[in-house]
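Asks: Have a look at this one.
The values are calculated or read from the model by the stated rules, or taken from the named source; none is laboratory data. The model shown is predicted, which means the values in this text are computed figures rather than measured ones. A quick note on method: Cβ atoms are made from the backbone with ideal geometry, for glycine too, and the neighbour counts reach across all protein chains shown.
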Amino acid sequence: MRTGVVACFTICTAMLASAAPLAAQTGEGFQVERYGVELRPDLASGAVSGRETITIEATGADLRALVFSPNALTISDALVDREPAAVTSGEDGIVFSLPRAKQPGAAVELSFAFSGFPKRGVTLTPAGMHTGYFACDWMVCLQNAPGDKADLELDLFLPQGSDSLGVGERYATLDLPGALVLHRYRSLAETSPYLFGFAAGDYPAETVETPQGTLHYLNATGEPADLSDLFAQTPEMVAFFAQRSGLDLPGGSYAQLLVPGREAQETMSFSLIGKGELDREREDPSSAWIIAHELAHQWWGNAVTTQTWRDFWLNEGFATFMVAAWEQHRYGEAAYQQELDVFRDRREQLRERGWDKPLAWSGDYPSLGYRRAVQYSKGALFLATLREEIGDEQFWSGVRAYTRAHAGGTVTSVDFQRAMEEASGRDLAAIFDEWVFGEDGTEG
Ligand SMILES: [Zn+2]
């Protein structure tokens, strides 16, 4: 963000160049209803193994193959509706061939074994192992399909004495032979695969109850840390975002895992918070962003999720703006204006370089930095500008209506425009065309 840290990884949506034509593209012709994963992570080496069952519904005619995001795992023993099925894994994707073509509406159950070393998305620490963002590297899923929210059931087989985090709730913990303990998680709401995640290790932890939900603080750094001091502002932030969104903490609880370095990444039910970034921020609390930004994603990004990466500003512009709004609430107008100045500077730099693109622009950016400047900073500046344009009361009432109406679902920029038009009683086509869709008013 301001610091240039890798925060909330933005995504390369481009498909890898195809060496040989596939029967279908990743995720084409079906939608996932449920992922069920039995996972045995090796907390020492970072290797994973297990078995996965995916339930899908066919949406395209004559569906002959299910293609998932590529990863480095070895896939074997594939079954489609309990019949053996062919599987190939390459840089274009993992392709499961269906013994018989399926028609729209047909349900298919796919299951297979997997093992190997995930190429990305898994981090080992002195305390254990955690994941962030690249879920489809340690399981099989659709990494770039935020609009295909699905249920996740994750069974983690862990050594005795390990604590864990997962998506949704841990509904059972069972002792098994061989000094293993099964930690069973299930999502409480359909979740985009990039928000799947888990952590397992020996984590000192604290729990704090707030009127809006339960907070857990865990330490994965392997070093002593005063968790309640480091995360002291979180309860007040939860109250602020709950008030602004009109919704209590989604799922009723949220965990922050303190990790080494400057990592910053949300998952559905917990976030990775880099100790290095927190230490830097403590020198200037009024410009702190990491805790507030990742927490804001629990509402904007996780509960209300962009349908495609094209409208990713609805995740990241919102989270970035909400940090500024929090700072205004907590530290006053000057702190808010200071954030807006940063957004304006970023936009000015984009302008000078000819990359001041509409927020919903779907082309390729020359670098992640340009893309972030548009989707994070210009996105946040647009929300501040819209707030100014329609007035505080209408703005927050529109944000609340939008968040409540779409919680659990997915959105496009048009959904947000409609909510703000309804709240303000105004036609906002001109300002949305200028900032979001481009001058011609088309969404390209
Ligand atoms: Zn973010």
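Asks: Between Phe198, Phe134, which is among the aromatic types (Phe, Trp, Tyr), in contact with a His (Cβ under 9 Å, 6 or more places away or on another chain) and within 22 Å of His293 (Cβ to Cβ)?
Replies: Just a single option satisfies the conditions, and that option is Phe198.
Asks: Out of Arg400, Arg351, Arg404, which single residue is surrounded by fewer than 17 Cβ atoms within 10 Å (Cβ to Cβ), of a type outside the set (S, T, N, Q) and touching a Gly at 6+ places or on another chain (Cβ under 8 Å)?
Replies: Answer to the selection: Arg404.
Asks: Consider the range 197-246. How many of its residues are assigned to a loop (DSSP other than H, G, I, E, B), in contact with a strand residue (DSSP E or B) (Cβ under 7 Å, 6 or more places away or on another chain) and not small (Gly, Ala, Ser)?
Replies: 6
Asks: Another one. In the set Val140, Val122, which member is farther than 30 Å from Glu83 by Cα, of a type in the set (Val, Ile, Thr), modelled with pLDDT of 95 or more and not assigned by TED's automatic domain parsing to the domain that holds Lys275?
Replies: On inspection, the qualifying residue turns out to be Val122.
Asks: Something else: Being part of a loop (DSSP other than H, G, I, E, B), under 25 Å from the mean Cα position of the chain (by Cα) and over 25 Å from Ser245 (Cβ atoms) narrows it down to one residue among Tyr370, Tyr365; which is it?
Replies: Tyr365
Asks: Now, a different point. Restricting the range 226-281 to residues that are away from the ligand (no atom under 16 Å from the Cβ) and basic (Lys, Arg), which is surrounded by the fewest Cβ atoms within 10 Å (Cβ to Cβ)?
Replies: Arg280
Asks: Looking at Gly391, is it surrounded by fewer than 18 Cβ atoms within 10 Å (Cβ to Cβ), farther than 25 Å from Asp341 by Cβ and modelled with pLDDT of 95 or more?
Replies: no
Asks: Which one of these does Ala288 not meet: (1) more than 20 Å from the chain's Cα centre (by Cα); (2) away from the ligand (no atom under 15 Å from the Cβ)?
Replies: (2)
Asks: Same structure again: Does Arg344 fit the bill of being part of a helix (DSSP H, G or I), at pLDDT below 95, out of contact with any Phe, Trp or Tyr (no Cβ under 6 Å at 6 or more places or on another chain) and at negative phi?
Replies: Here the answer is no, as Arg344 does not meet what is asked.
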